[in-house]
Structure formats: structure tokens, C-alpha cells
Amino acid sequence: MPQPFEKGAFRAVEPPAWVRDTVGVGYTLSVMSPAQRKEAAGWGVTLSEVGFVDPLYAYYDSKLLKRRSPHVPLDRVKKDIEEYQKLGVRILGVYPPTLQGEVWELHPDWRRVATDTDQVPEVDLKKFAHGGMLCPLGPYGDFFIDVLCEIATQFPAVSAFSFDGLHHAGGCYCKHCRANYTSDTGGPIPKRDMQSEAFRKYLHWADRRLEALVQRMQERLKALNPDIALVTWTTNAGRFGHLLDIPRNMPARLNLLFDAPDQEFWMDETNRGSSVVPAFGAAYVWAVTNHRTAFAEPYLMSRGNPYGKDSFPAHEVERRVLLALTHGAGPSLAVLQPERLKPAVKNSLAALTERKPWLTHNRPEPWAALLVSDNTRVFYGRSSGQVEERYLANVFGFFRAALEEHLPVTLINDWNLTPGDLAPYKVLVLPNAACLSDAQCAAVAQFVERGGGVVASLDTGLCDEFGTPRKTPALANVLGVTHQGIAVAGKGDDRLDENFARTLPPEYWAKRKGVWDFKRGADSPLLATERLDALIGAEFVTFKGPVVRTEPLPGSTVHATVRPKDSSKGEPLPAIVSRTAATGKAVYFAAGIDAAHYLSSYPYYRATLARALRWAAAAAPPVEVTAPMCVHATTVRQSRDGERLVVHLFNDVSTTAGHGHPAEEVPLREETIPIHDIEVTLRGYRVKQVRQEPGARVLPFKQRGEETTFAVPKLEIHTMAVVELG
């Protein structure tokens, strides 16, 4: 899908076959002894790093970078490469892309200028010999490519390159960026202000410049060696903190120009470790590749502030590795660990090797598509401190509900909102997808016209792709409502239940601003379920979250309402509205139950979100898993050596969860509780055989009409049901 300021067609890079076949990415071999490297290769490491340039020096005889490291002998790189090759380990060349002291000193005009000023930044090079950040959007970007090509020419054994932080850091005001922006647009770069439409448009321009840099890089490198790859750290789909970066450091679409992005998979308390966010992170880094190849490195730390491995349980190593692969990311792992963790690292790499036949050349089995909109995150969220509550909570809430209900949901991106990409799905989820272009909205409308279902919430379609509010929000006819602004809960009765007031922290008062009474309609065909009968009955129940004031269009059905908490004054507001077209269905949440399910959940939130997905979908899920909510279930299709489904089952139970301070919870699991007799139902498949892997245990199955059922007898941490199709 074309993006603003695009000068030519954008095409994703096709990864070399060896990248698609790779498992066993293992870091830290560069600082290990020959004996340790041999041991790591024996455990299954097939790709690891070799440093060529650091922020101070080049490690090889370069004609472009003159300063040689006094700490690294000139023959060190050659010897490392020879050693890796003997071990069968591919070389991942490392170059930190925007920090290089020699370049900083010699080319002042290549320095990044962070603010709207003509002053070139200076640093004390005696204290900070690396200098500062260089701008990749101008001449330095092409110099950077020249160095990579020099390395690839001198060292043809290099299989891939990795960069720590290939990003524009939210833009630049250097003289080259100013001249290029004026040349392209006729105006000056606006001041850095996310409230400014002009700056938001400029950010799109900076994104295109960064994409163009990587396109040129790929063209030149692959002209030297068609099998060379970019297997590199990604910022945009990286750890949770990167999702809070506004302005964004790089566009999500840049990941399509990497042969395989790698994600820093932090799971400490500051990165929402004890939540659904780590699972979401692994699914998201796979999604931004269009579900080709992505990696995720689970960081083996106990906590943050300070970071460390103190008392890190060996059991948790395997849990983190297997969580990543369950959601589509190939785990990468820092192999050099304290002696007490070496057996855990070895066992985790062995678990990968054992599962390798079913981990590559996969794609999600489609049913529900859940949009993760990078434009909405940045241009609607607008603030690093508020984007989690404003937008990400909506995405996490729907993701959590699908995870707990074992509904097959695939994460998709802004560029996937096209008729072709949406065609395989039965239902599309738009969680507060505020920033949508006219072309995206047209694709959504066409999807529903062709029989698909859509579930949306809050400000979906309110803004264009630049985050500028429309005079009339889009998708009104699809969703069946007109958007009439934010609804604010009145004060009502400020008094709190005395037993709560005695112990509540001050933060509770702020959260009470959005407290409502929620009530489902007595005759709602959408919400008339036994589960909701048991959870909320017919009375008013509390809803904590944002609400949009709407007017249902003729033909729409209101299924639930909200009113300010403990207030009988005024007309109730629509909370859930549906619209049924000739072919497709739509459910619209004027009450942000999706965000609430992540931020302050009541069980009826999950039941309501899951029911909306099932009701709107054009067909029942093709794969359904019946298991406790702690089980993560994902299904992929593998089309290699036959056609098969691979159903991943991951046991996420934590026997110490909820025992500590909620804000400080970190998953440090020391044991597991096996789960038995997980039922799987398949619809519409011709099944030849079902096996539980690893172990090649054949599972009996029953065929009744279009349905096939079988049971997985035991789940420890992770297992797979491999279904061979006829």
C-alpha cells in the first residue's frame, strides 16, 4: 500500500532460503573462547555475531575508516571467521549504524541535529570519544552503505549484517535534511511538535527517507552477494518501551526491508513482563515481516533497575524461549551466561533443534485479523506517556481476550488493509484504529460488502493517516453509528465504599473519572449468552473506561448502554451497537471494553469481546482449542513436504503470580503444573494423521461431518499437534 511521500513502488525484500531455514541464532560468541564457541555450536547455534566496527574504531583494514582498534589485532576478524566456518556457524557482521567517533569528528555536517536550529552539535571528544548520533537520512547513510560493501567484499564469508539502532530518532534538522525536505515539499521542516499536522506529515517524509536508505543498501549488498541478508535489531517492533517512543524512530514498514528483524524481548517489570505484552511482542515482530521470518531474544534478567541475573531460575529460560516460538518468532539467545544457567541454555537450544522441522516456512491459519496501526499509535497517541492508555490498551485488550478464549487471531499492519490481504479472513478487528486513510477505509467497507465481519471501537476512522481529524469520521455506514465526541462521566456520588476508601492509594481517584454503569439489553441477540447471564445478569454493572458519544443510524441495533456511575439522570448512552448488511456484520464498541480488559478487567469484558468476534465472523473458527486460560494456542500452516497444520500449545501458568506488588510483578517461574486432555476441534479439513511433537506420538482423532476432534493428553511447557492434511 502506498504511503505519503513515496517516490516509487515499495516491495518487501525476499529473504534468502538460508534465512527462512534458520533456527539457533545465538549471540555472544564473539566474546567467547574457542572451547566455548565449539560447545555453543554443538548446542545448535548456527548464526552469531562478529564485530567489524564499533563506535570508536574499525576492526579490519578499511580504506574508509582509518582508526584501528588498539584492543583488537588486525588478524582477529579473519581468525574469528575461519573458526566460525569450521564450526558451521554463519557470520553476522556487526556495525552500530549511527555512532562512529571518526566520522563524527571529520564530518560535522553529517551529525544529527535534534532541534530546529542551525547550530551543529558538539561534544567533548575526550570524554565522549564516540561523538554523538549521525544522521542516516543524508550523506552519512550512503557512506554507511559503502562501509558495508567494503566489508562484504573483503570478507565474502559474511552471511548477514546486524545494526543496533538503525533509526532516525524522530527526525533531523541538519542542513542536508533541510535541503532535501525543501526540495521535496517546497517548505521548511516544521518544529518538533506532535500536535502539529505539519510535523506529523514531516515524520512520514523522514520515514520514507529511511526506507529509501535500506532499499539502496539491499540493492548494493545483494548485487555483491544475492544470499547476504540484514538480520538486525528492530526498534519499531522491539521491546515494550519502543512501542512508547513518540515520535517513532522508524516506521513499522521498514521491517519488510530486513530479511529478518530481531527483537529485544525484555520481560522485566518496566516492560510489562507479567502481562500479555511479551506474547504480543513475539506475535508483532512476526507480523511486521508479513509473517515470514523474525527472531526475538528473550533477555535473561531477573528485574530492571538495576538489570541483573540475580537468582534467575533456570526453568524460566526455557519458558521464555518457548513463549517466543509459540507466537511465531524464532528465539535468539545470548549463549554466554553464568555457569549455573549453562544447562538451561543448552536445553533450550536443544528444544529448538528438536522442533525445527515445524518452525520454519509457516504462515498463520486465518480467521480473525487484528490491526496494529503504527500510524494510530504515533499520530493519535502523540505522547510517550499516554499512548499506552490512549491506544495500545485497546490492542492489548483484544489480544488478551483472544488469547484467553483460544480464538485464532492474526496481527496485521496498516499496509495490510487492502482487499487482497483481507480476503482470507472472516472477521477484522479495529481496536480504536483512529488513523485510517481513505483507501484503508474503502478496503474495510469492501471487506464487509463481501461478507466479512468487522469489530471496532471508540475513535476508529476519526482521523486520516496523518492523525488529522476528519470533519465526518469515516466508516459510519459500515459501523452503523455517527461519532459525536467523547462522553465524560459526571461526578455522580463521589463517596466511596468505606471499606475501600480506607486502603486505596491516591491513584484510584484519577481512575474513577471514567466509571460508568453498564447494562446489556434484555433482548440482545449478541449478548444473550449463558456466560453473560452468569457474570452480569440483567442488572447494572460497573464499567471503567473511555466512552464515545454516538448516534446509531437507522437499522442499527443497540445491545448495551452506559450511564454515569450511580446516576439515574439523563438518557443512557449506546455502549455496543451492531449493524447487519446484506452480507457482512459489524459490531461497534462505543464503550472501550477492549482497553478496559487490559487496564482494569472484569471477566464480563472478555466474554463480551469474544462473543462480538464470534457473532461478527462470517464463519466459526477453523481451529478451536478447549483448555484453561493459561494455555496459549496458536495455529500455523506449513506447506513444505506436504500440507499440514501445526497447533502450538504453551503453558503460561505461573505458580507465584499475583503474590507480589502488582506494579513489580516479573515472570520468574521455577516450576510448572502439567495440563491434561486439551481438546482440539478442526473444521473443514481432510485429516490424514495427528501427531504430538516432539516425540512423534500418534493421536487418535474422530471425524464427524466437517469436524475433526482429538485430544492432546499432556502439556508440560510447550508441545505441538501436527496435523497432516489430505
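The values are calculated or read from the model by the stated rules, or taken from the named source; none is laboratory data. Only a predicted model underlies this, so the values are computations on that prediction, with no experimental measurement involved. Here the Cβ positions follow ideal geometry from the backbone for every residue, glycine too, while neighbour counts run over all protein chains shown.
Values computed for the structure shown
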{"quantity": "Scan of the stretch 30-77 for residues that are under 17 Å from VAL158 (Cα atoms), hydroxyl-bearing (Ser, Thr, Tyr) and either within 35 Å of the chain's Cα centre (by Cα) or not in a loop (DSSP other than H, G, I, E, B) (or both), ordered by number", "calculated": "SER30, THR46, SER48, TYR59"}
{"quantity": "Test for GLU624: is it assigned to a strand (DSSP E or B), of a type in the set (Asp, Glu) and surrounded by 20 or more Cβ atoms within 10 Å (Cβ to Cβ)", "calculated": "yes"}
{"quantity": "Test: residue in the stretch 446-465 that is more than 21 Å from the chain's Cα centre (by Cα) and of a type in the set (S, T, N, Q)", "calculated": "yes"}
{"quantity": "In the stretch 193-229, residue nearest to PRO251 (Cα to Cα) [restricted to those that are part of a loop (DSSP other than H, G, I, E, B) and among the acidic types (Asp, Glu)]", "calculated": "ASP193"}
{"quantity": "Selected residue (only one of THR655, THR634 is part of a loop (DSSP other than H, G, I, E, B) and under 22 Å from PRO298 (Cα atoms))", "calculated": "THR655"}
{"quantity": "Residue satisfying all of: in the stretch 646-682; charged (D, E, K, R) and touching a Ser or Thr at 6+ places or on another chain (Cβ under 8 Å); nearest to ILE717 (Cα to Cα) among these", "calculated": "GLU671"}
{"quantity": "Evaluation of GLN85 against (1) more than 19 Å from ALA41 (Cβ to Cβ); (2) surrounded by fewer than 16 Cβ atoms within 10 Å (Cβ to Cβ); (3) touching a residue at least 24 places away in the same chain (Cβ under 8 Å) (one fails), failing number", "calculated": "(1)"}
{"quantity": "Inter-residue pairs, beta-carbon under 6 Å, first more than 12 Å from LEU137 (Cβ to Cβ) and in the stretch 148-174, second surrounded by 24 or more Cβ atoms within 10 Å (Cβ to Cβ) and of a type in the set (Ser, Thr, Tyr), 6+ apart", "calculated": "SER162/THR232; PHE163/THR232"}
{"quantity": "Strands (runs of 3 or more DSSP E) wholly inside the stretch 257-371 containing at least 1 residues that are among the aliphatic types (A, V, I, L, M) and at pLDDT 95 or above", "calculated": "260-265, 295-298, 330-334, 368-371"}
{"quantity": "Residues (out of contact with any helix residue (DSSP H, G or I) (no Cβ under 7 Å at 6 or more places or on another chain), of a type in the set (D, E, K, R) and touching a residue at least 24 places away in the same chain (Cβ under 8 Å)) located in the stretch 513-538", "calculated": "LYS513, ASP517, LYS519"}
{"quantity": "From LEU47, LEU65, residue being more than 27 Å from THR293 (Cβ to Cβ), buried (at least 17 other Cβ atoms within 10 Å of the Cβ) and among the aliphatic types (A, V, I, L, M)", "calculated": "LEU65"}
{"quantity": "Conditions (1) over 30 Å from PRO662 (Cα atoms); (2) assigned to a strand (DSSP E or B): number failed by VAL548", "calculated": "(1)"}
{"quantity": "Selection count, the stretch 129-143, where residues are out of contact with any His (no Cβ under 9 Å at 6 or more places or on another chain) and either surrounded by fewer than 18 Cβ atoms within 10 Å (Cβ to Cβ) or assigned to a loop (DSSP other than H, G, I, E, B) (or both)", "calculated": "5"}
{"quantity": "Residue that is farthest from ALA206 (Cα to Cα) [pool: residues in the stretch 154-180 that are among the aliphatic types (A, V, I, L, M) and surrounded by fewer than 17 Cβ atoms within 10 Å (Cβ to Cβ)]", "calculated": "ALA157"}
{"quantity": "Filter result for the condition that a residue is of a type in the set (D, E, K, R) and touching a residue at least 24 places away in the same chain (Cβ under 8 Å), over GLU339, GLU365", "calculated": "GLU365"}
{"quantity": "Some residue of the stretch 241-258 being surrounded by 24 or more Cβ atoms within 10 Å (Cβ to Cβ) and under 19 Å from GLY26 (Cα atoms)", "calculated": "yes"}
{"quantity": "Residue match in the stretch 660-670 (condition: surrounded by fewer than 17 Cβ atoms within 10 Å (Cβ to Cβ) and modelled with pLDDT of 95 or more)", "calculated": "yes"}
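Residue-by-condition table, conditions (1) surrounded by 16 or more Cβ atoms within 10 Å (Cβ to Cβ); (2) of a type in the set (Asp, Glu); (3) within 25 Å of THR360 (Cα to Cα):
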| position | (1), (2), (3) |
| --- | --- |
| GLU643 | no, yes, yes |
| THR656 | no, no, no |
| THR672 | yes, no, no |
| ARG691 | yes, no, yes |
| ARG697 | no, no, yes |
| GLN703 | no, no, no |
| ALA711 | yes, no, yes |
